[in-house]
Amino acid sequence: MILDNLEKIKSSYDICIIGAGASGLVISEKLSKKHKILIIEGGSFDISEKSQEIYAGKVIGDNYFDLTTTRLRYFGGSTNHWGGWVRNFDNEDFEKNEKLNLTNWPIKKKSLDFYLDETCKILNIKNYFKTSNFEMPSFNKVVYQRVTEPHLFSKPYINKIKNSKNIDLCLNSNLINAEIKDQLVTKILISDFKNYKKEINSKKYILCTGGLENSRILLWLKKNNPNSQIFSNNNIGKYFFEHPHLHVGDFITKLKDVKRKDSDFPAFFLQFKSDQKKNLNILGSTFRFYHYPGSSNISKKIIAELSCLAPRYLESLYNSFDKKLVCTGQLFLVSEQYPDFSNRIELDPNDLDLFGVPKLNLFWKKGSLDKKTIITSSKILAKEFVDLNLGRISLNNKIHNGELPEDEKDGNFIGGNHHMGGTRMSKDSKSGVVDENLKVWGTNNLYVCGSSVFPRGGTCNPTLSIIQLSLRLGDHLNKILL
Ligand SMILES: Cc1cc2nc3c(=O)[nH]c(=O)nc-3n(C[C@H](O)[C@H](O)[C@H](O)COP(=O)(O)OP(=O)(O)OC[C@H]3O[C@@H](n4cnc5c(N)ncnc54)[C@H](O)[C@@H]3O)c2cc1C
């Protein structure tokens, strides 16, 4: 049922979910067969300035997106403007790497992939994410899927909730505080935009407020509950990471797979091989080949450069193929980022939102290992293209000279709007924020779901894994709340 104001919320529920984005909606459906669920959503069914403004904050460090545009604060969350690219994690993303001081996930890939079929049905995509050998020594070819249905997490879920006996959804209701006694959240405080407030009781609470906000809210609860056990957790907000996205250069190739006639989206992805990464002590990277069907300017530029730099290669391309088969485009790199303790989310005591909750400060920088990963993998790709005579890559000058581009004009596309870490999953309370069942260490009834719990992020987009985690959490709560 959809409740149009806070007064209609019942006195108690089995589970209260905070946030109606992809994660909160999937968990609510999974739990609703057996339990009474309340979903608290800060925004309404449409974007509004007053809700979006609560997401404002400062970024300290490298150039980053504006925090009010890199996420959306209304029903459906950031999936209201996402790209829809998805892939599941690889085995190696879950592993520890002692040389690089990289932590592991406390769970294995198979415990997420157990939910891959169910996740693909929700996303209405094929369960097909093949990794295959490719003719280049350092790269595998990988398959991504794309969710093409816009607003998958809004309209269909509005109808499901309207027709559900067990789910109540209250819009414009913002979690602004909670009381934690010993290890138990005893109540939470909700406010609407007219400043009407209500306390809510539930057996369990799940924070699904998005990658950055999960940390902000937990930091705020920690500050307000100095006698609780979460007060001693020093990892909240720490180890934030992104997927640096960069336009690393332009390409010309005779590889037919790269060419895509039906759209501007890439159809061809090459991923740096696991054993090569280990040999070189670098992180993961995946290259996306964007063949723009109408990119005649790029083609002309590359062909002009090639005629000076590699005239014989150009001639052989022209001789062995019909001119029309020579394909050009832009090469993008999506790279893994090292989860660094100093990349973090903090509360800003001098800047409060309209409910009096401190806004966030995000400290974010790419470190030396991130830089080494981007430069090494780009140069190896360019070299293997030449060695195998697959084509030529004209690398961005800065990358060619061993530096990172500094701003967008230079080809630095900042990140992927993928907010990972901050409440990471760990096998003990000293090294993270939630346990393997996503329960906050030091509490008995508070859970967190979303990409903030990722200990490492590989190079695949996060939302498919968020949904897998949400289904897994739903199953876990269904079992323990029998
Ligand atoms: C431009 C862009 C492109 C993207 N492209 C891709 C892509 O191609 N592939 C991919 O996998 N991912 C992509 N993403 C990331 C993807 O959108 C997120 O991973 C996903 O939306 C996260 O879902 P979530 O439910 O964890 O959080 P969110 O979607 O952030 O939802 C959180 C919800 O919580 C609510 N909320 C927040 N605070 C409160 C509060 N205090 N009280 C009550 N409610 C609250 C919000 O209103 C929101 O509805 C993209 C993101 C952006 C911005």
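Any read-out appearing in this document is the output of simple, stated calculations on the displayed coordinates, not a laboratory observation. All values derive from a computational prediction rather than experimental measurement. FYI the Cβ positions are ideal-geometry reconstructions off the backbone, even for glycines, and counts take in every protein chain you see.
Kindly put ARG146, ARG216, ARG312 in sequence by how many other C-beta atoms sit within 10 Å of each C-beta, fewest to most. Spell out each step's value before the answer.
Details: ARG146 15, ARG216 29, ARG312 8.
Listed from fewest to most nearby Cβ atoms, that is ARG312, ARG146, ARG216.
Of MET420, MET425, MET136, MET1, how do they rank once you tally other Cβ atoms within 10 Å and put the fewest first?
Ordered by Cβ neighbours within 10 Å, fewest first: MET1, MET136, MET425, MET420.
Going by how many other Cβ atoms sit within 10 Å of their own, how do LEU212, LEU482 line up, fewest first?
The order, fewest Cβ neighbours first, is LEU482, LEU212.
Could the peptides 457-466, 222-231 be put in order, highest first, of the mean number of other beta-carbon atoms found within 10 Å of their residues?
In descending order of packing, they fall as 457-466, 222-231.
Of all DSSP beta bridges in the range 2-480, what percent run antiparallel (nearest 5)?
The answer is about 70 percent antiparallel.
Cα extents of the chain along the three principal axes, largest first, in whole Å?
78, 44, 40
Over the chain, what is the relative contact order in whole percent, taking alpha-carbon pairs under 8 Å and six or more residues apart? Numbers along the way, then the final one.
Details: 1062 pairs, mean separation 112.1, N = 482.
In percent, rounded to a whole number, it is 23.
What GluC sites (Glu not before Pro) in the range 98-153 are in a loop by DSSP, with at most 11 other Cβ atoms within 10 Å of the Cβ?
Passing both the DSSP loop test and the Cβ count: GLU98, GLU135.
For a quick check of your reading of the filter: which trypsin sites (Lys or Arg not before Pro) in the range 61-101 sit in a DSSP loop and have no more than 15 other Cβ atoms within 10 Å? Before the final figure, lay out each step's value.
On the way: sites: ARG71, ARG73, ARG87, LYS96, LYS99; in loops: ARG71, ARG73, ARG87, LYS96, LYS99.
Filter output for the range 61-101: LYS96, LYS99.
Measure nothing but the geometry: give the 0 to 90° angle between the long axis through the Cα atoms of 213-224 and the longest principal axis through the Cα atoms of the chain, rounded to 10°.
So the inclination is approximately 40 degrees.
When the Cα centres of the range 157-179 and the range 9-63 are compared, how far apart do they sit, in Å?
Each part reduced to its Cα centre gives a spacing of 8 Å.
I'd like the orientation of helix 296-309 relative to the chain: the angle between its Cα long axis and the longest Cα principal axis, in ° from 0 to 90, rounded to 10.
The angle comes out near 50 degrees.
Between the helical axis of 22-31 and the dominant principal axis of the chain, each derived from Cα atoms, what acute angle in degrees is found, rounded to the nearest 10?
It is inclined by approximately 50 degrees.
Given the options TRP82, HIS400, GLN271, identify the residue whose Cα lies farthest towards the positive end of the charge dipole of the chain (+1 on Cβ of Lys, Arg; -1 on Cβ of Asp, Glu).
Among TRP82, HIS400, GLN271, the one farthest towards the positive end of the dipole of the chain is GLN271.
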